[in-house]
Amino acid sequence: MGLPMRLSRYFLPTLKEAPSDAQIVSHQLMLRAGLIRQEAAGIYAWLPLGLRVLKKVEQIVREEMDRAGAVELLMPTIQLADLWRESGRYEAYGDEMLRITDRHKRDLLYGPTAEEVVTDIFRAYVKSYKDLPLNLYNIQWKFRDERRPRFGVMRGREFLMKDAYSFDLNEADARAAYNRMFIAYLNTFARMGLKAVPMKADTGPIGGDLSHEFIVLADTGESQVFCHKDLVEMGAPGPDVDWDGDLQPLVDQRTALYAATEEMHDADAFAAVPADKQLSARGIEVGHIFYFGEKYSDPMKARVTGPDGVDVNVHMGSYGVGVSRLLGAIIEASHDEGGIIWPEAVAPFDLALINLRPGDEACDAACEQAYAALTAAGRAVLYDDTAERPGGKFARADLIGLPWQMIVGPKGLAEGNVEIKNRASGERSTAPLADVIAGLSAKAAA
Ligand code: 5CA
């Protein structure tokens, strides 16, 4: 659902050709379809169509976090260097951190992640084990001064991340929190039409000893992936899991199957996977979860009083999703020669309504009728009422990849018919206007 739009009044600057420095198909298509514009290396403006998709992806992430019991807040992009000195990460983080000085010569930084800030908020308010478990998340812009920003939003310098942080009394509870996020991630990516496989991972500068990456399989991915085919086919548990029950069996089911990236690869273990179940592919990391225990709570003194009256460090985990990167990943996984094929759940509009002859009384009347009726039925319609020639309209509709196209022209209308095309399958059919409106309206209700 969402506001409908007349293309003549919209801002959709599509390009015939992508700039030559766009190397991968998702980057090319995001530029050509008018989703983003590069303002500086790794820094993008989100154009109206891109923003609509970004918000939809963000909303799916939000809903699955909420379902898993996490609580949303919003932390600032600009953080105090002193907090990072407390955790010991200020020097260690290195050149990827964008450091800023304010007019009082105070050291600030643009947050690359928010473990320190969230721990500071936690310790200010939470003093008792009775307030645990707690999982706080936000969806906020991050900045990492990547050495090689590339592939558009895939490896940006400024990017949108969902980051969640769990606080628990002990390791067993923290592991239950970790498992909740693990399952929530499987559900999140499946809702976007993606096959994301969990892989045991390195913890890097975030720290800790338990970590999984979630990797979307795509030929242009930066990670080399070795995994068991069944892991890819298994799908997500769905919304009906018992969030307060023991999720360990569901997690074990997946982690029992071999999966690794190039860095963590164990060739002998992979060789033990039956030959017809071996999958060597490439992939894109869209999420990364970490359990790191007391790594931040100890130096930053995030403590609660336990049931026995003794103060203890809380056990923490952090859970990231690359929200802006997901747009690139979805396009890598879903496109053809004509352009993007948005999965329905994240499409910027539900359908393109294409008027082949604006100014023709019958065409205009039919389009206005469809526009009003479908909007009333909850469908988000992008109405192409521009003066462009039919060929250009068809190419643009394919490029921007809305799930349906409804094509209204004088010939068909003379017999009371319009054409409907499914972007993904390419299937076309012709039917009376009223039937097509009813059919598309029913899809919204379903
Ligand atoms: N603090 C932890 C978890 S909240 C953290 O920062 N993890 S991370 O470094 O793995 O980042 C989380 C996710 O953000 C990654 O899985 C990836 O999908 C996305 N991400 C990381 N760096 C970039 C980047 N330069 N451009 C786009 N997305 C990125």
Pairs needed: first member in segment 218-247, farther than 12 Å from Arg67 by Cβ; second member anywhere, surrounded by fewer than 16 Cβ atoms within 10 Å (Cβ to Cβ) and of a type in the set (D, E, K, R); C-beta distance under 7 Å; at least 6 residues apart or different chains. Ser223/Glu262; Gln224/Glu262; His228/Lys277; Lys229/Lys277; Asp230/Lys277
Do we have Asp230 as more than 19 Å from Leu194 (Cβ to Cβ) and either in contact with a helix residue (DSSP H, G or I) (Cβ under 6 Å, 6 or more places away or on another chain) or acidic (Asp, Glu) (or both) here? no
In segment 185-240, which residue that is aromatic (Phe, Trp, Tyr) and surrounded by 23 or more Cβ atoms within 10 Å (Cβ to Cβ) is nearest to the ligand (Cβ to nearest atom)? Phe214
Within segment 1-24, work out how many residues are buried (at least 18 other Cβ atoms within 10 Å of the Cβ) and modelled with pLDDT of 95 or more. 3
Count - residues of segment 109-148 that are assigned to a strand (DSSP E or B), among the hydroxyl-bearing types (Ser, Thr, Tyr) and without any contact (Cβ under 8 Å) to a residue 60 or more places away in the chain: 1
Looking only at helices (runs of 4 or more DSSP H) that lie completely in segment 328-425, which have at least 3 residues being buried (at least 23 other Cβ atoms within 10 Å of the Cβ)? 361-376
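Residue-by-condition table, conditions (1) of a type in the set (Lys, Arg); (2) touching a Phe, Trp or Tyr at 6+ places or on another chain (Cβ under 9 Å):
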{"position": "Ala176", "(1), (2)": "no, no"}
{"position": "Arg180", "(1), (2)": "yes, yes"}
{"position": "Ile183", "(1), (2)": "no, yes"}
{"position": "Glu222", "(1), (2)": "no, yes"}
{"position": "Leu231", "(1), (2)": "no, yes"}
{"position": "Met234", "(1), (2)": "no, no"}
{"position": "Pro237", "(1), (2)": "no, no"}
{"position": "Trp243", "(1), (2)": "no, no"}
Could you pull out the residue among Ala329, Ala333 that is at pLDDT below 95 and within 19 Å of Val153 (Cβ to Cβ)? Ala333
Would you say Ile289 is part of a strand (DSSP E or B) and touching a His at 6+ places or on another chain (Cβ under 7 Å)? yes
Filter segment 45-95 for residues that are within 17 Å of the chain's Cα centre (by Cα) and among the basic types (Lys, Arg); the one that is surrounded by the fewest Cβ atoms within 10 Å (Cβ to Cβ) is Lys55
Criterion: more than 28 Å from Val304 (Cα to Cα), in contact (Cβ under 8 Å) with a residue 12 or more places away in the chain and of a type outside the set (Asp, Glu) - qualifying residue of Thr203, Thr188: Thr188
Would segment 259-280 turn up any residue that is within 11 Å of Pro198 (Cα to Cα) and open to solvent by 40 Å² or more (accessible area, probe 1.4 Å)? no
Could you list all residues from segment 149-167 that are more than 6 Å from the ligand (Cβ to nearest atom) and either under 15 Å from the mean Cα position of the chain (by Cα) or under 21 Å from Ser318 (Cα atoms) (or both)? Gly152, Val153, Met154, Arg157, Glu158, Leu160, Lys162, Ala164, Tyr165, Ser166, Phe167
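The values are calculated or read from the model by the stated rules, or taken from the named source; none is laboratory data. Given the structure is predicted, the values throughout are model-derived calculations rather than measurements. Quick reminder, even Gly has a Cβ in these numbers, built from the backbone with ideal geometry, and neighbours come from all protein chains shown. What goes into the accessible areas is simple: the full protein's heavy atoms, side chains included, and nothing from ligands, DNA or RNA. Shrake-Rupley method; radii C 1.70, N 1.55, O 1.52, S 1.80 Å.
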